[in-house]
């Protein structure tokens, strides 16, 4: 049974890299309160505007940006320039290590999310989804995509 997770927004290019296996670490400026084994639902921003898959948290590392770059540069799916731009003026940086990334057979479009959950708004970065099974029933309509 899934207990906790997050709905994580990202740009299409980074989501594609996760699901093609070339990006095995997701970078964030703020560390979400998640643990190894938690589920991450991947919401892809415009122009896709849909939840397209999920992955499990395999680990989390929080370090100053320069130290994090040395640790994840080969698996982060970004260039040094992109990394530096993202963490400009940040004193801390977080890496979410990815395990079991799965693209859903059918993505869940934004209009379908809103039809199932009135007032649904995609997160700018992430949003917690506690008691994943009951809350995700509203988003996904069926649990088959998560099992």
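Calculated from the alpha-carbon coordinates, the stretch 1-62 shows an Rg and a Dmax of 11.4, 32 Å respectively. Rounded, prolate or oblate, given the Cα gyration tensor of the chain, with a/c below 1.5 counting as rounded? Taking the square roots of the gyration eigenvalues as a ≥ b ≥ c, the chain is prolate.
If R0 is 22 Å, the Cβ-Cβ spacing of residue 71 and residue 49 corresponds to a FRET efficiency of close to 0.10. Springs join every pair of Cα atoms under 10 Å in this Gaussian network model of the chain, and among 39, 24, 79 the largest mean-square fluctuation is at 79. Taking every DSSP beta bridge that has both ends in the chain, the antiparallel portion is near 80%.
Helix content alone sets the calculated 222 nm mean residue ellipticity of the chain: runs of n ≥ 4 DSSP H residues at -39500 (n - 2.57) each, divided across all residues, give -7000 deg cm²/dmol.
Distance between the 7 Å Cα→Cβ label points at residue 103 and residue 118: 3.6 nm.
The numbers here are math on the coordinates, done by the rules we state, and not lab data. All figures in this text were calculated on a predicted structure; none of them were measured in a lab. Ideal geometry is used to build each Cβ from the backbone, glycine not excepted, and the neighbour counts take in all protein chains shown.
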